[in-house]
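Down below is the structure, laid out as structure tokens.
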Amino acid sequence: MDRLSFTVALNAARDQVTTASGILPSGTAQLVGTIGRALLDNLLPTHRRQRLKARSLKSHSKYAPNTAQHPATAQTYTFHTEIAIMEKGLAPRSHR
């Protein structure tokens with residue numbers, strides 16, 4: 001699938017629409033139509049192109065100073081809270 005060319009498929013479909021040939025099969029239907037034959041006739045090469053530039057590693061990472069700074073295991077925390085219910089509400093503030 002990675003050897004098929006989108007451009008070849010697009011051009012074959014465009015040619016098929018403009019000439020209106022091969023849209024409806026005559027006789028027995030074939031699994032590979034006009035577009036499929038164009039794709040199979042123009043497969044891309046099996047070998048990959050060579051890289052022009054070798055891969056390089058990043059020279060500096062902003063996260064490097066923080067490596068191994070975090071705890072290796074999860075820490076346990078305890079949370080205490082107190083809820084005060086004020087049935088009469090708050091005292092009114094003085095107006096200035």
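The values are calculated or read from the model by the stated rules, or taken from the named source; none is laboratory data. Keep in mind that what you see is a predicted model, and the values were worked out from it rather than measured.
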- request: Could you tell me whether the stretch 17-40 includes any residue that is modelled with pLDDT of 70 or more, assigned to a loop (DSSP other than H, G, I, E, B) and of a type in the set (A, V, I, L, M)?
  value: yes
- line: Taking the stretch 62-96 and keeping residues hydroxyl-bearing (Ser, Thr, Tyr) and modelled with pLDDT of 80 or more leaves THR76, TYR77, THR78, THR81, SER94
